[in-house]
Ligand SMILES: [Zn+2]
């Protein structure tokens, strides 16, 4: 190997090693003080303006690399690992902790500022999932954020949600209306709309007056907003996207009929309420 190339490679390696080390001891923190109201849908971090399609947000080989911030206790790590185990059991997605020189990973933080994530792989050095104390009480809450990071938005924002629920904007807290806007560019993974998805809001999420913000059109509230289990629909979406490449980017322009099995992302009640 030419000397210059070797020197260059060595320099890069040392730089990355030092950088990783700095991160691991928590000297790296550019995300201090986020306001919840600034987060889209309560727990979704703002996106980079140049990125608006989900198809390019999959994790390579379905593997999420992650690292815990240094103040996680072993007990706090457990719900993350539990979610990873369930994903490994039911999907082809795998989690693994980072090793030196890894780039492009989830940095789990546990600041008491709520739960939030970005949607999909961000093609950056790292991306944050924050899990405040309330989000660590239940591994399904953790799964909710991880599923965001896998590339899925909330269900009730799906382009076809109006076929299943009514959004009552008059009951939504001021400043939170954006949480309920319909997304037209979400993945269509050919999984039916499921109000019981762990990615769906409950009927009172972000209510300002105790009245419903989301009303199921068929009057069936069963399981809406639940955070007790990963639904089969959640699993199916992940498998279709990651294991079978069956999700197609859609821009909802299809007002065609026949898509009974079309549900884009799922949604769940939100972590802002879980701080
Ligand atoms: Zn969410």
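What follows is calculated from the coordinates using simple rules that are stated; it is not laboratory data. The structure presented is a predicted model; accordingly, all values stated were derived computationally and were not measured. Counting neighbours? That spans all protein chains shown, and the Cβs are built from the backbone with ideal geometry, glycine included.
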In what order do 43, 218, 236 fall by count of nearby beta-carbon atoms within 10 Å, going from fewest to most?
218, 236, 43
Rough spin-label spacing in nm, given labels placed 7 Å along Cα→Cβ, for residue 229 and residue 208:
3.7 nm
Under a crude label model (7 Å from the Cα following the beta-carbon direction), how far is residue 221 from residue 182 in nanometres?
2.5 nm
Can you list, largest first and rounded to whole Å, the semi-axes you get for the stretch 94-199 by taking the square root of 5 times each eigenvalue of its Cα gyration tensor?
28, 17, 13
Whole-angstrom gap from the stretch 62-107 to the stretch 143-196, using each part's C-alpha centre:
25 Å
